[in-house]
Amino acid sequence: MQKVLSDVRILDLGRYIAGPYCAALLADYGADVIRVDRPGGSEDRFIVPVSDTGDGALFLQCNRNKRSITLDIDTDEGKEILHSLVRKADVVIANMPAATLRKLGLDYASLAAIKPDIILTSTSAFGSTGPLADRIGFDGVGQALSGAVHVSGSPDQPMKMMVPVVDFATGMSCAMATMMALYERRISGLGQEVSASLLQTSLNLASGSLIEEAVLRVDRKASLNRAPHYGPSDIFRVRDGWIITQVIGSAMFKRWALLVGQPGLIDDHRFADDRSRGEHGQELSAVMAGWCLQFTREDVLARLEQARIPAGSVNSPREVLDDAVIAGSGAFQPTTYPGVSGPVPLVSPPASLSRTPPIFDRRPPLAGEHTEEILAELGYTSAQTADLRTRLIV
């Protein structure tokens, strides 16, 4: 089967999640992605270690389908090799502050001088311009600056998402924008820079709250898991765990009231529309909480499904992995990796194509696993590569 991006080569100098995940999504559709690691392995490889050698869970997820070359790009010979790789690439991916890109010669002007039609996909914490451009930051900082953390948790304890949602969303956006730049290049023959920031992604995710505050000045406070705009929408305890349900719209609210045996709530003026139901969400959550405690999770979810009310189990990671329905949907791609006992459940991409689907046909690479192979493609002999390795350039 012909892969969609089989004629695209990507040089991945990304770190942590946003840049590497962008590259991984493109690799899933056939792009030849070369990850440039530091000799010995780059720092993002060892976060949340799961293998015998310390390779991390997020590294494995974000670096499938790639080859790896180790390279000291601070040396003249390392830069020479990097420039040779750039000449053969269509896209360079790097998530670093603008000043760091310029220092390493990875800014767009420097790369375009080497290969005029190159596409640079650069992600940073706060963008490439303005007073914050050279600051570093991670996912949680973006969440906090956007206002999202303020409206999560409780008024006494703001709370961020413990999964890096901003990083992954930025990576998805960059993959889409990189594809658009490649598509445009077929028409113009020109390269360009694709820019993204964690802050801009997090502002997009928080946009509803920001627009509401700009227009209505409500000074919204955190309310744990209870939604302030409709109800009942909350997380509820059942006899053997927790469930979440979200009731939105008058038709659904009527079905919910009948289900929980409270038909009088339908004509109560406090619950006339979504806005008023959100304002009186504590009362509705109390009703739902009392009803839920009668049942097991399986029973309550079955009743809610029959009433056509969106609901789901609050799963632990182990419950997700053990769920036959989730596994049967093709959610995971079991992948063997050195130093890990049993298959690693890499998560499938969020979107697929019916005729040319994404394929996991290469496990995440060990640090420098393909150095000899990649240097041979550039014309280096085995002796030259051995000399570079002796001098720790690769």
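None of the figures in this text is laboratory data; all of them are computed from the coordinates on show. This one's a predicted model, so the numbers in the text were calculated from it and none came from an experiment. Cβ sites come from the backbone with ideal geometry, for glycine too, and all protein chains shown count toward neighbours.
Quick look at the values:
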{"quantity": "Calculated from backbone phi, Karplus (6.51, -1.76, 1.60) coupling profile of segment 116-127 in Hz, x at Gly/Pro", "calculated": "x, 9, 5, 10, 9, 9, 10, 10, 9, 6, 10, x"}
{"quantity": "Dipole moment magnitude, nearest 20 debye, segment 182-292 about Cα centre, only Lys, Arg, Asp, Glu C-beta charged", "calculated": "200"}
{"quantity": "Folded to 0 to 90 degrees: helix 207-216 orientation relative to the chain principal axis, Cα", "calculated": "50"}
{"quantity": "Alpha carbon centroid spacing (whole Å) that separates segment 188-225 from segment 263-303", "calculated": "31"}
{"quantity": "Assigned charges on the beta-carbon of Lys, Arg, Asp, Glu; segment 134-204 dipole about Cα centre (debye)", "calculated": "180"}
{"quantity": "Loop-located trypsin sites (Lys or Arg not before Pro) in segment 102-195 whose Cβ has at most 15 other Cβ within 10 Å (DSSP)", "calculated": "Arg135"}
{"quantity": "Loop-resident sites, segment 237-273, for trypsin sites (Lys or Arg not before Pro), counting at most 13 other Cβ within 10 Å (DSSP)", "calculated": "Arg239"}
{"quantity": "Between helix 297-306 and the chain: long-axis angle, C-alpha atoms, 0 to 90°, nearest 10", "calculated": "80"}
{"quantity": "Sorted by Cβ neighbour density within 10 Å, fewest at the top, the residues Thr390, Thr385, Thr100, Thr123", "calculated": "Thr390, Thr100, Thr385, Thr123"}
{"quantity": "Unit charges on C-beta of K, R, D, E only; dipole of the chain, Debye", "calculated": "460"}
{"quantity": "Vicinal HN-Hα couplings computed from phi for segment 76-87 (Karplus, 6.51 cos²θ - 1.76 cosθ + 1.60; Hz; Gly/Pro x)", "calculated": "4, 5, x, 4, 4, 5, 4, 5, 5, 5, 4, 4"}
{"quantity": "Residues whose placed amide H lies under 5 Å from that of Ser197, excluding near-sequence neighbours", "calculated": "Ser124"}
{"quantity": "Partnerless cysteines, meaning none of the other Cys C-beta atoms lie under 4.7 Å away, in the chain", "calculated": "Cys62, Cys292"}
{"quantity": "The chain - mean residue ellipticity at 222 nm from DSSP helices (-39,500 (n - 2.57) per run, n ≥ 4, rounded to 500)", "calculated": "-11500 deg cm²/dmol"}
{"quantity": "With Cα atoms, 0 to 90° folded angle of helix 18-28 axis to the chain main axis", "calculated": "80"}
{"quantity": "Structure-derived mean projected area of the Cα convex hull in nm² - corresponding label in (1) 16.8; (2) 21.5; (3) 23.5", "calculated": "(3)"}
